[in-house]
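The values are calculated or read from the model by the stated rules, or taken from the named source; none is laboratory data. Every value quoted in this text rests on a predicted model; they were computed, and no experiment measured them. Please note that ligands, DNA and RNA were not included when accessible areas were found on the heavy atoms of the full protein model with its side chains. Shrake-Rupley method; radii C 1.70, N 1.55, O 1.52, S 1.80 Å.
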Amino acid sequence: VYKNSGGNAWDTGFYTPTFTAPITLEFNKTAATNDDGQSYVQIGITDTPTVAAASGNMISNTDYYFSPYYTSAYHMASGKGTSTSHGTAWDISKKHYIVYKTNGNIEFWNGNDLKKTFVWGTGKSVNFQTSWHVNNSTINNQLTNIRMRRREWDGTKYIN
């Protein structure tokens, strides 16, 4: 999946149906080793599902989003003012996992490397949303092998 229309602005994306925990979104994301100005994709989760991703408002709608924009860094943020952080290197050969666990935590994984855990709350109805900035089909601006599972990723396998 990549952005194939629109300008260079956060104005295109997709969103999933709504689910409750446990749910995991897995995907591969490539990127350049440094900021190439082309790899800008945000992948987020929210408990106030809307069609915001399609209209470019994903940034303000998501509770947490992850942006693996180059391989030596990633950005984590929140459109709702929740506490987030930035991180360092991630392995381009490993899948990313965004997990909403039955205990109410959100986990962001790169393969078997847990990048961040947020305590969020149980019983939420959530969806995943994406947003792209650059209209470009280069390999650095694509998500591949996208899959949702009604299970929790624990770093090595699916559980529950």
Fill in the blank from the handout: In the list (i) 14.3, 42; (ii) 22.5, 77; (iii) 18.5, 61, the entry giving Rg and Dmax of the Cα atoms in Å computed from the coordinates is (i)
Problem - Calculated Rg and Dmax of region 1-50 using C-alpha coordinates, Å - result: 13.5, 36
Fill in the blank from the handout: The percentage of the accessible area of the chain (probe 1.4 Å, all protein chains present) made up of carbon and sulfur atoms, to the nearest whole number, is 49 percent
Handout entry: Table column - 3J(HN,Hα) (Hz), region 107-121, Karplus curve with 6.51, -1.76, 1.60, x for Gly and Pro
Key = 10, 10, 10, 10, x, 9, 9, 6, 7, 6, 10, 10, 7, 10, x
Exercise for the section: Would you compute, from DSSP H runs of 4+ residues alone, the mean residue ellipticity of the chain at 222 nm, taking -39500 (n - 2.57) per run and dividing by the full residue count, rounded to the nearest 500? Expected result: -500 deg cm²/dmol
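If you roll a 1.4 Å probe over the heavy atoms of the protein chains, what accessible area per residue do you get for the chain, in Å²?
Here the per-residue accessible area is 43 Å².
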Handout entry: Column: log10 I(q)/I(0), Debye, Cα scatterers of region 98-160, q = 0.25 Å⁻¹
Key = -1.19
